[in-house]
1. Which residue out of 42, 31 is surrounded by 19 or more Cβ atoms within 10 Å (Cβ to Cβ), under 24 Å from residue 361 (Cα atoms) and modelled with pLDDT of 50 or more?
2. Considering (1) closer than 19 Å to residue 379 by Cα; (2) over 16 Å from the mean Cα position of the chain (by Cα), say which one residue 56 fails and leave the rest.
3. Looking only at the stretch 198-223, which residues are on the phi > 0 side of the Ramachandran plot and over 16 Å from the mean Cα position of the chain (by Cα)?
4. Pick from 316, 329, 296: which is at pLDDT 85 or above and under 24 Å from the mean Cα position of the chain (by Cα)?
5. Of the residues in the stretch 161-184, how many are part of a helix (DSSP H, G or I) and either at negative phi or touching a helix residue (DSSP H, G or I) at 6+ places or on another chain (Cβ under 9 Å) (or both)?
6. Being closer than 21 Å to residue 178 by Cβ and either exposed (fewer than 14 other Cβ atoms within 10 Å of the Cβ) or in contact with a strand residue (DSSP E or B) (Cβ under 8 Å, 6 or more places away or on another chain) (or both) is the filter here, so list the residues in the stretch 138-152 that pass it.
7. Hey, does the stretch 376-389 have a residue that's surrounded by 18 or more Cβ atoms within 10 Å (Cβ to Cβ), in contact with a strand residue (DSSP E or B) (Cβ under 9 Å, 6 or more places away or on another chain), assigned by TED's automatic domain parsing to the domain that holds residue 336 and in a loop (DSSP other than H, G, I, E, B)?
């Protein structure tokens, strides 16, 4: 009995330690339809994407195979990240969903209307939720679930049935398939929250109906207006109401993308269906719900036909990189006038005063003229001095004197402002 008490006490302590000590470092969760139905990883502008969306967890839509997912991960230089992929169908035309995560993934399960065991993960039957208004229809894609143990977070990703540009009666059968899967996701979310009240559940993916589509969205599973006008009556698609409107046992997940504009943009960056809102969405419920910021979309499609949607929060796993304390990282010297050509040879020294390493991916330096140098994904500082060679044409250091500010991913200044005058600049010598 005494051993059980001590084990329980240890588990409570461990849960408190992991949720409090590392509560200030942001994580970013993103969902992106990469469009591999008619393109591959070489068509995507990966470097530009990562400069804008420095994700920790990416929920991927329209991926075909594990090899495709591995290729995407490799192109992103995230070889140490963890993955999971569904196996809804076989062949060249399959559209799977996947997860790329900085954190280990456990309890990976695929929910599918037809169990074919073609993948290497657990499959379970996606059952119809027995409610009036949820049609008993066939559907080719279900959803994928995985647990991020170190965040006390379950992530669910799905790609719901496309409207193919249709609305009204011509889209009603598609909406029934979306509602079927959404209801199953909502039910599973409720089960996870009941069994694991300490955990949050985050859903993301392409739901193929905009968050602000007044012609389609409804709030009543039984009353439907099928003509696609929604003039004074309920719409015909309750997908968003199922996830966030309390239609399934009062579940009201927080819609992080409710203010995001259209995310299907075709071959340009202009929404194809203006005014209907994002179809690539994020929903969250549980202890982390209040920590997430409202989602935003990427400013560019980066080679896909969808804009990525992402959101950040202050929680992090203890397996993640260290978070520097307020004054432990600072600019301590610079080389504005190296011997020979300045371009590509100028450098800044950043000193990290604590032990170990610290990840500064996405941090920036800005000079007096407003030029910005952004640290690439995977950039880490070692304890002590770290020389940062400035890439050509990014943030040239003025020989007449300059001011440089170091900022983290949240645009919080790190360390004092570093400045020097014309008189301090000597050829081949560092200014301190």
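The values are calculated or read from the model by the stated rules, or taken from the named source; none is laboratory data. Fair warning: this is a prediction, and the values are worked out from it, not measured in the lab. Note that each Cβ is placed from the backbone with ideal geometry, even for glycine, and that neighbours are counted across all protein chains shown.
1. 31
2. All conditions are met except number (2).
3. 208, the sole residue that qualifies.
4. 296
5. 16
6. Result: 138, 141, 142, 143, 144, 145.
7. Residues of the stretch 376-389 that are surrounded by 18 or more Cβ atoms within 10 Å (Cβ to Cβ), as a first pass: 381, 386, 388.
Next, from what is left, pick out any that are in contact with a strand residue (DSSP E or B) (Cβ under 9 Å, 6 or more places away or on another chain): 381, 386, 388.
Now drop any that are not assigned by TED's automatic domain parsing to the domain that holds residue 336, which leaves 381, 386, 388.
Retained after the next criterion (residues that are in a loop (DSSP other than H, G, I, E, B)): none.
Taking every residue of the stretch 376-389 in turn, none turns out to be surrounded by 18 or more Cβ atoms within 10 Å (Cβ to Cβ), in contact with a strand residue (DSSP E or B) (Cβ under 9 Å, 6 or more places away or on another chain), assigned by TED's automatic domain parsing to the domain that holds residue 336 and in a loop (DSSP other than H, G, I, E, B).
Condition check ((1) touching a helix residue (DSSP H, G or I) at 6+ places or on another chain (Cβ under 9 Å); (2) without any contact (Cβ under 8 Å) to a residue 60 or more places away in the chain; (3) in a loop (DSSP other than H, G, I, E, B); (4) assigned by TED's automatic domain parsing to the domain that holds residue 58) across all residues:
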{"position": "186", "(1), (2), (3), (4)": "yes, no, no, yes"}
{"position": "190", "(1), (2), (3), (4)": "no, no, no, yes"}
{"position": "205", "(1), (2), (3), (4)": "no, no, no, yes"}
{"position": "257", "(1), (2), (3), (4)": "no, yes, yes, yes"}
